[in-house]
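The values are calculated or read from the model by the stated rules, or taken from the named source; none is laboratory data. Everything numeric in this text was worked out from a predicted model, so none of it was measured. Ideal geometry is used to build each Cβ from the backbone, glycine not excepted, and the neighbour counts take in all protein chains shown.
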Amino acid sequence: MEAVLENLDAGTMAPAASLRNAWVKFGQFTAIQDISLEIEAGAFYSILGPSGCGKSTLLRLVSDLIPPASGDVSIFGKTTEAARLAREFAFVFQDATLLPWRTALENVELPLEMGRSRGIKIPVSDKSPMELLELVGLKGREHALPHELSGGMRQRVAIARALVCKPKLLLMDEPFGALDEMTRDHLNLQLLKVWEETGVTILFVTHSIPEAVFLGQKVLMLKAHPGRLHEIVDIDLPYPRTTELRDTAEFTRYSAHLRKLLEAC
Amino acid sequence: MTAVDETLGLPADDDAAEKAIVRRARMTAVATPLLTAVGLVAIWEIGVRAFGVPSYIAPAPSEVATTLVTEFPQLLRNFWPTLFESVLGFVVGNVAAVLIAIAFVHSRMVERAFFPIAVFINTIPILAIAPILVLIFGAGLTAKVVIAALICFFPTLVNMVRGLQSVSPQALELARILSATKSEVFWKIRLPSSLPFLFSALKIAATTCVIGAIVGEWVGADVGLGALIIDATFNFRSALLYATVFLSSGLSVLMFAAVSIAERMIVRW
């Protein structure tokens, strides 16, 4: 009965992710304290906060890597485990985490091979792995091994890999944190293009204020010690966003506002 | 006209000069150890002749070289069994080590139970355990293979355990998000990650398995390079002894080269 209700609930209007009074504890340490929030489907959320605020923990909670100590987490109305088994979400790590012995293309294909012997049904993107590599601007480098690619290219392979199972929710944990600024700006534009083309919901953890403003429709501010929700700031800047946006007064105003909030944490 | 020739000719000359410098540097790198070796052999030859050292104490290099040619059929007859024992011991020892490493990584209990025993066996000098193994398995092929396998076993076990555990925590998180099964993680992530570690162990094993086979032949055998070493020593045929030692080292080099080539073909990352 409950399963039926859950399925009904998972209809068109279910939020991409929903947390109700979620707590995460590591022994005595409280990493996340009582977070409740709803991420509407198709949205782009940037997650910002000082170190130790539980940004990464929040993503790991949503992606079923760590269980909540108490409270509820659901993804499109399903439990995180059910969503994981249905490949409803994909994760992009700070480090590309490519398998070094596989070519770019073979790395993108990895999710299609994993979980098969468990008998789960693996959804497949309308775009082939080849086309996904093209989408992230890696046409011609499909057969390169990760060590032959630059850091930015490796991260693009990781994004293509995340898209191969047609996820509805993309969780990104500081994916461009280790890259130089020019590469990062370029990848930000490309990520927005991917978001617009695929309609995927994105939760994007970053520690860069300009990056958070440039990408997100909303910025989720977290507070540290213990990690908890501070404020949600709407970024009312039009899409498609272009590089010039960074030089506008509005952009600067948002950045300044967020910086002030961050300092108050 | 000449001026044009000069300006056109100059860069080409520069290029050629640069290439010559690189070539010379490369030649020096090869020539230095080679000349040193030739020099040492020459000193040995001259020393033996000048001081009239009897051949059974230290044969001259020329004499060893002659023996290598004249006794080649006999040397080759003894080379094959040792090669066979070495390769067989290499395979048996490493396969056992890899399988046990997999069991160790799979279960902490198994590791706790058997790792101290593996360490203990490793501490027994191979020369001390060889007679025991010959007593158990007899003077035939088996004892040599077991000794060669035993000497390969431990470095591979330790390296393989480390290799299988060398997977990054993030790769394991990725596998979990993809709902991968334990066997998928093993075949698609753990095993390939361990290959560079495995090959460093196999390179060690490639030379030690030859030592194992020869030690086994010392204790009890009538063919093989080890048996020939004992035979040549007791008959004061020093030139033959040196030639045999030379061939033994050649066998090790052969094994090492084979493993290195396999590594270069398999571990491309």
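Can you name every one of the helices (runs of 4 or more DSSP H) wholly within segment B:100-189 that holds 3 or more residues which are among the charged types (D, E, K, R) and out of contact with any His (no Cβ under 6 Å at 6 or more places or on another chain)?
On the way: elements: B:108-123, B:126-137, B:141-164, B:169-177, B:182-185.
Fully inside segment B:100-189 and qualifying: B:108-123.
Let's see how each residue does on (1) touching a residue at least 12 places away in the same chain (Cβ under 8 Å); (2) under 19 Å from the mean Cα position of the chain (by Cα):
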| site | (1), (2) |
| --- | --- |
| B:Ala128 | no, no |
| B:Val146 | yes, yes |
| B:Ala149 | yes, yes |
| B:Leu178 | no, no |
| B:Leu191 | yes, no |
| B:Val210 | yes, yes |
| B:Val215 | yes, yes |
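Can you tell me which condition A:Leu37 does not meet? The list is (1) modelled with pLDDT of 95 or more; (2) more than 26 Å from A:Glu197 (Cβ to Cβ), and all the others hold.
(1)
Going through segment A:64-84 one residue at a time, which ones are in a helix (DSSP H, G or I) and among the basic types (Lys, Arg)? Break it down into steps so the answer makes sense when it comes.
So the first thing to find is which residues in segment A:64-84 are in a helix (DSSP H, G or I), and the list is A:80-84.
A:Arg84, the sole residue that qualifies.
Of everything in segment A:223-263, what is of a type in the set (Gly, Ala, Ser) and in contact (Cβ under 8 Å) with a residue 60 or more places away in the chain? Give them in sequence order.
Going residue by residue through segment A:223-263, those that are of a type in the set (Gly, Ala, Ser) are A:224, A:227, A:249, A:255-256.
The answer is A:Ala224, A:Gly227.
Of the residues in segment B:251-269, how many are out of contact with any Leu (no Cβ under 9 Å at 6 or more places or on another chain) and either assigned to a loop (DSSP other than H, G, I, E, B) or surrounded by 14 or more Cβ atoms within 10 Å (Cβ to Cβ) (or both)?
Applying the first criterion (out of contact with any Leu (no Cβ under 9 Å at 6 or more places or on another chain)) to segment B:251-269 yields B:252-253, B:256-258, B:260-261, B:264-265.
Those left that are additionally either assigned to a loop (DSSP other than H, G, I, E, B) or surrounded by 14 or more Cβ atoms within 10 Å (Cβ to Cβ) (or both): B:252, B:256, B:258, B:260.
Qualifying residue count, segment B:251-269: 4.
May I ask you to verify whether B:Ala101 is under 29 Å from A:Leu99 (Cβ atoms), of a type in the set (Gly, Ala, Ser) and in contact with an Asp or Glu (Cβ under 8 Å, 6 or more places away or on another chain)?
Details: under 29 Å from A:Leu99 (Cβ atoms): yes; of a type in the set (Gly, Ala, Ser): yes; in contact with an Asp or Glu (Cβ under 8 Å, 6 or more places away or on another chain): no.
Spelling it out, it is not the case that B:Ala101 is under 29 Å from A:Leu99 (Cβ atoms), of a type in the set (Gly, Ala, Ser) and in contact with an Asp or Glu (Cβ under 8 Å, 6 or more places away or on another chain).
All but one of (1) in contact with a strand residue (DSSP E or B) (Cβ under 7 Å, 6 or more places away or on another chain); (2) surrounded by fewer than 19 Cβ atoms within 10 Å (Cβ to Cβ); (3) in a loop (DSSP other than H, G, I, E, B); (4) more than 14 Å from chain B (Cβ to nearest Cβ) hold for A:Cys53, so report the exception by its number.
(2)
Is it the case, given these coordinates, that B:Ser183 is surrounded by fewer than 17 Cβ atoms within 10 Å (Cβ to Cβ), within 7 Å of another protein chain (Cβ to nearest Cβ) and of a type outside the set (Asp, Glu)? Step through it out loud before you land on a result.
Values: surrounded by fewer than 17 Cβ atoms within 10 Å (Cβ to Cβ): yes; within 7 Å of another protein chain (Cβ to nearest Cβ): yes; of a type outside the set (Asp, Glu): yes.
Criteria met by B:Ser183.
Does A:Gly140 satisfy the condition of being assigned to a loop (DSSP other than H, G, I, E, B), small (Gly, Ala, Ser) and free of Cβ contacts under 8 Å to residues at least 24 places away in the same chain?
Details: assigned to a loop (DSSP other than H, G, I, E, B): yes; small (Gly, Ala, Ser): yes; free of Cβ contacts under 8 Å to residues at least 24 places away in the same chain: yes.
Answer is yes for this residue.
Condition (residue is β-branched (Val, Ile, Thr) and away from chain B (no Cβ under 12 Å)) applied to segment A:115-126: is it met by at least one residue?
Start the filter on segment A:115-126 by keeping residues that are β-branched (Val, Ile, Thr), which leaves A:120, A:122, A:124.
Narrowing the set further to residues that are away from chain B (no Cβ under 12 Å) leaves A:124.
Within segment A:115-126, one or more residues are β-branched (Val, Ile, Thr) and away from chain B (no Cβ under 12 Å).
How many residues does segment A:89-120 hold that are free of Cβ contacts under 8 Å to residues at least 60 places away in the same chain and surrounded by 22 or more Cβ atoms within 10 Å (Cβ to Cβ)?
Going through segment A:89-120, the residues free of Cβ contacts under 8 Å to residues at least 60 places away in the same chain turn out to be A:99-120.
Imposing the further condition that a residue be surrounded by 22 or more Cβ atoms within 10 Å (Cβ to Cβ) reduces the set to A:104, A:107-108, A:111, A:114-115.
Residues in segment A:89-120 being free of Cβ contacts under 8 Å to residues at least 60 places away in the same chain and surrounded by 22 or more Cβ atoms within 10 Å (Cβ to Cβ): 6 in total.
Looking for something of a type in the set (S, T, N, Q) and either touching a Phe, Trp or Tyr at 6+ places or on another chain (Cβ under 6 Å) or in a strand (DSSP E or B) (or both) - is there at least one such residue anywhere in segment A:95-104?
Step one: filter segment A:95-104 for residues of a type in the set (S, T, N, Q), giving A:97, A:103.
Those still in the list that are either touching a Phe, Trp or Tyr at 6+ places or on another chain (Cβ under 6 Å) or in a strand (DSSP E or B) (or both) too: none.
So far as segment A:95-104 goes, no, none of its residues is of a type in the set (S, T, N, Q) and either touching a Phe, Trp or Tyr at 6+ places or on another chain (Cβ under 6 Å) or in a strand (DSSP E or B) (or both).
Looking at segment A:149-265, what strands (runs of 3 or more DSSP E) fall wholly within it and have at least 2 residues that are under 16 Å from the mean Cα position of the chain (by Cα)?
Here the list reads A:169-173, A:201-205, A:218-223.
Among the listed residues B:Phe115, B:Phe90, B:Phe120, identify the single one that is away from chain A (no Cβ under 14 Å) and crowded, with 19+ Cβ neighbours inside 10 Å. If you could, list the steps in order and put the result at the bottom.
Working: B:Phe115 fails: crowded, with 19+ Cβ neighbours inside 10 Å; B:Phe120 fails: crowded, with 19+ Cβ neighbours inside 10 Å.
When all the criteria are applied, what remains is B:Phe90.
For segment A:160-189, which positions are surrounded by 24 or more Cβ atoms within 10 Å (Cβ to Cβ) and among the small types (Gly, Ala, Ser)?
A:Ala160, A:Ala162
Does B:Ser55 satisfy the condition of being part of a loop (DSSP other than H, G, I, E, B) and farther than 30 Å from B:Val146 by Cβ?
Values: part of a loop (DSSP other than H, G, I, E, B): yes; farther than 30 Å from B:Val146 by Cβ: yes.
Yes.
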